[in-house]
Amino acid sequence: MLSSFLFLAQADTAADAGKAVALALGIGLGSLGAGVGIGIIFGSMIQAVARQPELRGELQGIQWLGFALTEAVVFYGLIGGLLAYVLI
């Protein structure tokens, strides 16, 4: 009887560990993708301003909008991962 309880406890611990690893991987990959996206946004902004400095004001608003939307993806991934960890 005790061995069956130990088996269930180990299975539950293994499932929790698997969910924690999946959560960490999901958030890590989401953050990596956002980092690449932000790098592309700011790199493109630098190139655009270097080519046409007079458009800096117009491009800056678009740049910050792209930055905010890219960062929102990380938060969506975090919330989705936490919900999946808690609910599953």
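The values are calculated or read from the model by the stated rules, or taken from the named source; none is laboratory data. Everything quoted here is computed from the prediction, not taken from an experiment. Cβ atoms come from the backbone with ideal geometry, glycine included; neighbour counts cover every protein chain shown.
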Original post:
Quick one: Val73 ticks every box in (1) of a type outside the set (Phe, Trp, Tyr); (2) exposed (fewer than 10 other Cβ atoms within 10 Å of the Cβ); (3) at pLDDT 80 or above bar one, so which box is it?
Top reply: (2)
Subject >> Residue list for segment 8-66, filter: at pLDDT below 90 and among the acidic types (Asp, Glu) >> reply: Asp12, Asp16
